[in-house]
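> One structure, pasted below without further comment.
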Amino acid sequence: MKLLILIALVYLAYRVGTRWLKRTLQMPREDRSADAYIDDVMVRDPVCGIHFPRREGVELQHGGKTYLFCSTACRDRFLKQQEEKAD
Ligand SMILES: [Zn+2]
């Protein structure tokens, strides 16, 4: 009878153990997706030199090129600079 209890306990420990193992094995997958979120493409603002995630940038098509700025203020400054160069 004692042996049966022991077997039952071992079985229970095994069940809990595998469930815990499955959960810990699934965790790295969640971490990787979190990393991918942080690891967005970083671009450099040509006006102020700040690096920022591409998806948060302000896009500007100018002279057949696509520029990305950290803010509309930087985009406006860039346009002003281009106008001054043209003069
Ligand atoms: Zn900027």
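> List the pairs whose first member sits in segment 64-87 and is free of Cβ contacts under 8 Å to residues at least 40 places away in the same chain, whose second member is surrounded by 15 or more Cβ atoms within 10 Å (Cβ to Cβ) and hydroxyl-bearing (Ser, Thr, Tyr), and whose Cβ atoms are under 7 Å apart, counting only residues at least 6 apart or on separate chains?
So the pair list comes out as Phe78/Tyr67.
> Could you list, in sequence order, the residues of segment 69-87 that are modelled with pLDDT under 95 and touching a strand residue (DSSP E or B) at 6+ places or on another chain (Cβ under 8 Å)?
If the condition is that a residue be modelled with pLDDT under 95 and touching a strand residue (DSSP E or B) at 6+ places or on another chain (Cβ under 8 Å), then Gln82 is the only one that fits.
> Can you confirm whether Gly63 is modelled with pLDDT of 85 or more, more than 16 Å from the ligand (Cβ to nearest atom) and at positive phi?
Yes.
The values are calculated or read from the model by the stated rules, or taken from the named source; none is laboratory data. Given the structure is predicted, the values throughout are model-derived calculations rather than measurements. Note: ideal-geometry Cβ built from the backbone for every residue, glycine included; neighbour counts use all protein chains shown.
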